Amino acid sequence: MLDNYRDLIDELLGTPSALRELLAGPASGEVRPGAMSLVGELLGRDRAVLRRLQTIQRSSNAHLRAIDAAGTVDAPDASDPVALLDAFDTARGDLVSLLMNLTLKDWERTATHEVDGEITLADEVERHVEFDEDHVARIRREVAS
């Protein structure tokens with residue numbers, strides 16, 4: 001069980017360097033706006049997930065809205081690639097730091113999701129990893145085109 005949680009953390013840890021590598025090829029003025037917009041979505045999602053995980057961790061009966069409907073996904077400025085990547089690194093670091101300090105009991109804490117019913121904190125992290133993987137793949141396609 002613990003190995004599964006470590007794998008989730010490792011997945012999230014790899015993204016910042018993968019993004020920097022993907023986006024390092026073109027000069028900062030040449031980075032496709034679509035790619036930077038996707039990085040902005042990742043940043044916003046990281047911030048939203050951090051708040052959601054903190055809510056699950058602190059509340060004995062947390063209720064979570066669907067993330068798109070919750071209005072919690074920030075829309076950062078995608079026009080400055082360096083600042084956006086730095087902000088993403090910080091947000092991802094905050095999220096990973098929280099995850100690394102969770103106990104096994106914390107990973108199993110539950111919340112009620114407005115669409116999916118009862119979920120665990122681990123479920124929420126797994127969903128975020130899937131979102132992350134999807135966005136990295138989309139950024140790869142955007143940079144390659």
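Values quoted throughout were computed directly from the atomic coordinates according to the rules given, and no laboratory measurement underlies them. Treat the numbers as computed from the prediction; the structure is a model and nothing was measured. Positions of Cβ are backbone-derived with ideal geometry, glycine not excepted, and every protein chain shown enters the neighbour counts.
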Peptides 83-92, 42-51 ordered by average Cβ neighbours within 10 Å, highest first: 42-51, 83-92
Hydrodynamic radius of the chain per Kirkwood, over alpha carbon pairs, in Å: 15.8 Å
Sequence of Glu114, Glu126, Glu142 once ranked by neighbouring C-beta atoms within 10 Å, starting from the fewest: Glu114, Glu126, Glu142
Positive-end residue, the range 2-144 charge dipole about Cα centroid, Cβ charges, pick of Pro33, Met100, His63: His63
Projected label distance in nm at Arg138 and Leu2, using a 7 Å step from Cα toward the beta-carbon: 3.6 nm
Full-stretch length increase - Thr103, Thr55 - with 0.36 nm per residue and alpha-carbon distance subtracted: 15.7 nm
Computed [θ] at 222 nm, helices only, for the chain once each DSSP H run of length n ≥ 4 contributes -39500 (n - 2.57): -23000 deg cm²/dmol
